[in-house]
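Note sheet for the following structure.
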């Protein structure tokens, strides 16, 4: 966590921005969240913990945390961004159930190699990628199948 905070402080300083206590609170809560989160969920978690940060500060800080590579927008659903911490975490992709909203994380080396090959073939230098497959999870398919019988 100290490395993440140092990176964030450096990012802010390079842009002439102050490293305020509310920004650091947002950083700490965002990186301690398990799984994926929305900005409003993060704001509520801060509020309920008694740590102050305005809604505007939360939204602006999420932009900064994304730009400095500590979190990323992992998914977008119903027009809302869902973020996840990426500092010290291996790259992975997502499957999202359209019925229950469950998110399944996975990594497949063949998919990664194919993406690299396609980029090389086109002389393209990738900076990042996001992959999310929408579908119906095993549990929901089982429920649906029983309902349809």
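The values are calculated or read from the model by the stated rules, or taken from the named source; none is laboratory data. All values derive from a computational prediction rather than experimental measurement. Please note: Cβ atoms are built from the backbone with ideal geometry, for glycine as well, and neighbour counts cover all protein chains shown.
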If you take the residues in region 78-97 that are surrounded by fewer than 16 Cβ atoms within 10 Å (Cβ to Cβ) and closer than 20 Å to residue 41 by Cα, which one is modelled with the lowest pLDDT? 78
Single match in 18, 23 (criterion: in a helix (DSSP H, G or I) and over 17 Å from residue 133 (Cβ atoms)): 23
Does residue 79 count as assigned by TED's automatic domain parsing to the domain that holds residue 19, without any contact (Cβ under 8 Å) to a residue 12 or more places away in the chain and over 30 Å from residue 18 (Cβ atoms)? yes
From the list 57, 66, which one is under 26 Å from residue 111 (Cβ atoms) and assigned to a helix (DSSP H, G or I)? 66
One residue from 109, 105 being assigned by TED's automatic domain parsing to the domain that holds residue 141 and out of contact with any strand residue (DSSP E or B) (no Cβ under 8 Å at 6 or more places or on another chain): 109
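Just checking, which of 75, 70, 65 is over 14 Å from residue 31 (Cα atoms) and either surrounded by 15 or more Cβ atoms within 10 Å (Cβ to Cβ) or at pLDDT 95 or above (or both)?
None of the other options fit; the residue is 75.
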Just wondering, is there one or more residues in region 120-128 that are outside the structural domain of residue 72 (by TED's automatic domain parsing) and modelled with pLDDT under 90? yes
